[in-house]
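The values are calculated or read from the model by the stated rules, or taken from the named source; none is laboratory data. Computed from a predicted model, the values in this text were never measured in an experiment. Cβ atoms come from the backbone with ideal geometry, glycine included; neighbour counts cover every protein chain shown. The accessibility values were calculated without ligands, DNA or RNA, using every heavy atom of the protein model including side chains. Shrake-Rupley method; radii C 1.70, N 1.55, O 1.52, S 1.80 Å.
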Amino acid sequence: MTRLNAQIPEGPLAEKWTAYRSGCRLVSPSNKRKLDIIVIGTGLAGASAAASLGELGYNVKAFCYQDTPRRAHSIAAQGGINAAKNYPNDGDSIHRLFHDTIKGGDYRAREANVYRLAEVSNSIIDLAVAQGVPFAREYGGLLANRSFGGAQVSRTFYARGQTGQQLLLGAYGALSRQIAAGTVTLYNRRDVLDTVLVDGRARGIIARNLVTGEIERHAAHAVVLASGGYGNVFYLSTNAMGSNVSPAWSAYRKGALFANPSFTQIHPTCIPVHGDFQSKLTLMSESLRNDGRIWVPALKKDVERLRSGEITPADIPESDRDYYLERRYPAFGNLVPRDVASRAAKERCDAGFGVGRTGMAVFLDFKDAIKRKGHDTIEALYGNLFQMYGQIVAEDPYRTPMMIYPAVHYTMGGLWVDYELMTSIPGLYAIGEANFSDHGANRLGASALMQGLADGYFILPATISSYLADEIHTPRIDPASQEFTLAAEAVRDRLNRYLSTGGSRSVDHFHRRLGRIMWDHCGMARNEAGLQQALGLIGELRREYMEDVRVPGRMDRYNPELEKAWRVADFIELGELMARDALMRRESCGGHFREEFQTPEGEAMRNDDEYAYVAAWEAAADGAEPSMQRERLEFNDIKLSQRCYK
């Protein structure tokens, strides 16, 4: 069994990162040229890591399944990126950002990692500005800030509703510079299907060329996973259609521990599901909660009249509207954290006050904001989001309130990593959403971009040298070795099994069923009976998948159905682990809400005595049940308390 050691540096919390960097081992420039690093994923974490490592002088191989890094899912991030600059002079600080993040995650994240994240946040903004990222500015020229959920200060930097896109273009520019300089080699249209270990260390990957179907071997002294999250296990999510867990899952199968897999974020402001054949959900940025007010009718007779078309939202007077977030959480109002806002919307809809055709929606209303700030100001702040909503729903959100409902968005769980971001496999690192480290049981809005870029630009480039300093005498890894040969043959055999099954059901048929199981039993609300049922249903689905899936086409050419077949098989196994993790954790915390464990007011009720730990799962051979290890969370600078946003 792998023994967990987070390698947290000694010393005061605020001095750990500085002390670590001052004392960590380095690699000389002449030796960096001898070392190869593989980076999987070219979103914000991957692109920034590959660019930074290339700039340092390492030989980097960057892989993505898209045709270009610019199509990485980070591009979809809308609202902004947090940093503790305190430009508005409203009381922000590194410690306050650290505190808000720990509290927002419901006290299930490591103090040392989160403090480092807050510390590095300001450097990200400086670097992005130097790259030319067009952050919004105040009239006087200072960078503008706005508010996000779970904070009472304005610390979110933004570029209208396209912050992820603009930051990704900055990272892409840095990456392109290193590609031109020859320090980074880009491999696009590659599906990374396995991690290769040699003598217990990560030494390379097996990838499939998505255009030619060729099974490729790539070797390196270290491997970095920046492959994002796994929200698509739910089938319907705000993730890009191609987002998958396969690189991280291959590492789990090879011995890397998977931490807190059931910690899933349900985002409160998404366009509701509108049909049985829908395959994608659309996020409406959390930044809209800065000015939009969320409400439902206070009277059920108005709900019925709305659904029948007898009245419009504008016909309901203020006195008959329930601004339920402002009513329940007066201190934070519409800017409570995402998990709190999502559960409150579900509670209102389950109670019969939901609007829209299905009753599974609430209003996000800008009437007051437009009256207060003017149409042009609202358009300047959110115009592209309003345009997107109008195109999808065919309603004008300037005149009619948006309808929103929670949807799967982000996963806080991921590969277990230590302080250096190394997994439990030596030489294998996980950064960004692929690891579990910074957000606990719930991520605050605008913190995903912060973590991805902190890991890629600043943290990994500093920590990876500690490992590589021992690798300077290791010759270049031979991809023709037996370990690579066996791994490539295993990948080829598994792909052939899917092609030869000859079943009657499409891959999407099984994926959709998996998504329904996960949403019904391991979604916004969970209970013991439902999770037990989910484990049985997923096991049955897994057996059926292996016997009845139909994958047309061939392996040696472009075959998107074969791509999906591999990914969905991994999702089914992951879904089982998520249900097992959620069943084990008999408490409610953040996005993990067990119905048996709630306060009389319906809030999440933690059990710090028994569950203040990271649950790290280790795969077992021959289909046996995985085992779990605990990393106890120590809180020395923050006092554990029941979260309160009232």
Quiz item: Can you pull out the helices (runs of 4 or more DSSP H) entirely within the stretch 507-589 that have at least 2 residues that are among the small types (Gly, Ala, Ser)?
Solution: 528-548, 560-584
Quiz item: Any residue in the stretch 454-469 that is of a type in the set (A, V, I, L, M), farther than 20 Å from ASP36 by Cα and not in a loop (DSSP other than H, G, I, E, B)?
Solution: yes
Self-check item: Checking ASP581 against (1) of a type in the set (Asp, Glu); (2) within 24 Å of the chain's Cα centre (by Cα); (3) surrounded by fewer than 22 Cβ atoms within 10 Å (Cβ to Cβ), the condition it does not meet
Solution: (3)
Quiz item: Going by the structure shown, is VAL245 over 19 Å from VAL60 (Cα atoms), of a type in the set (A, V, I, L, M, F, W, C), open to solvent by 10 Å² or more (accessible area, probe 1.4 Å) and touching a residue at least 12 places away in the same chain (Cβ under 8 Å)?
Solution: no
Exercise. Looking only at the stretch 513-533, decide whether some residue is surrounded by fewer than 22 Cβ atoms within 10 Å (Cβ to Cβ) and farther than 22 Å from ARG594 by Cα.
Key: yes
Quiz item: Which number in (1) at pLDDT 95 or above; (2) assigned to a loop (DSSP other than H, G, I, E, B); (3) of a type in the set (S, T, N, Q); (4) buried (at least 21 other Cβ atoms within 10 Å of the Cβ) marks the one condition that SER437 misses?
Solution: (1)
Exercise. Return the total of residues in the stretch 1-51 being part of a loop (DSSP other than H, G, I, E, B) and not β-branched (Val, Ile, Thr).
Key: 19
Quiz item: If you take the residues in the stretch 1-32 that are touching a residue at least 12 places away in the same chain (Cβ under 8 Å) and β-branched (Val, Ile, Thr), which one is most open to solvent (accessible area, probe 1.4 Å)?
Solution: ILE8
Practice problem: Considering only residues that are assigned to a helix (DSSP H, G or I) and touching a Lys or Arg at 6+ places or on another chain (Cβ under 9 Å), look in the stretch 283-301 and name the one that is farthest from GLY445 (Cα to Cα). | Solution: ASN290
Quiz item: Which of the residues that make up the stretch 82-102 are among the charged types (D, E, K, R), in a helix (DSSP H, G or I) and either surrounded by fewer than 22 Cβ atoms within 10 Å (Cβ to Cβ) or in contact with a Cys (Cβ under 8 Å, 6 or more places away or on another chain) (or both)?
Solution: ARG96
Quiz item: Being touching a Phe, Trp or Tyr at 6+ places or on another chain (Cβ under 7 Å), open to solvent by less than 10 Å² (accessible area, probe 1.4 Å) and in contact (Cβ under 8 Å) with a residue 60 or more places away in the chain, is that true of even one residue in the stretch 447-458?
Solution: no
Exercise. Could you check how many residues of the stretch 316-372 are more than 14 Å from ASN290 (Cα to Cα) and either without any contact (Cβ under 8 Å) to a residue 40 or more places away in the chain or assigned to a helix (DSSP H, G or I) (or both)?
Key: 26
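Identify, please: which residue in the stretch 199-226 is open to solvent by 30 Å² or more (accessible area, probe 1.4 Å) and either at pLDDT below 95 or not acidic (Asp, Glu) (or both) and is, among those, nearest to GLY43 (Cα to Cα)? Steps first, please.
Here is the first cut: in the stretch 199-226, the residues open to solvent by 30 Å² or more (accessible area, probe 1.4 Å) are 199-201, 211-212, 214, 217.
With either at pLDDT below 95 or not acidic (Asp, Glu) (or both) added as a condition, the list becomes 200-201, 211-212, 217.
Working: GLY200: 28, ARG201: 25, VAL211: 21, THR212: 24, ARG217: 22 Å.
Result: VAL211.
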Quiz item: Taking VAL491, is it among the aliphatic types (A, V, I, L, M), outside any loop (DSSP other than H, G, I, E, B), touching a helix residue (DSSP H, G or I) at 6+ places or on another chain (Cβ under 6 Å) and open to solvent by less than 10 Å² (accessible area, probe 1.4 Å)?
Solution: no
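I'd like to check something: does the stretch 304-315 contain any residue that is outside the structural domain of HIS592 (by the TED database) and open to solvent by less than 10 Å² (accessible area, probe 1.4 Å)?
no
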Quiz item: Of all residues in the stretch 121-154, which are open to solvent by less than 10 Å² (accessible area, probe 1.4 Å) and outside any loop (DSSP other than H, G, I, E, B)?
Solution: SER121, ILE124, ILE125, ALA128
Quiz item: Any residue in the stretch 400-416 that is over 29 Å from PHE234 (Cβ atoms) and open to solvent by less than 10 Å² (accessible area, probe 1.4 Å)?
Solution: no
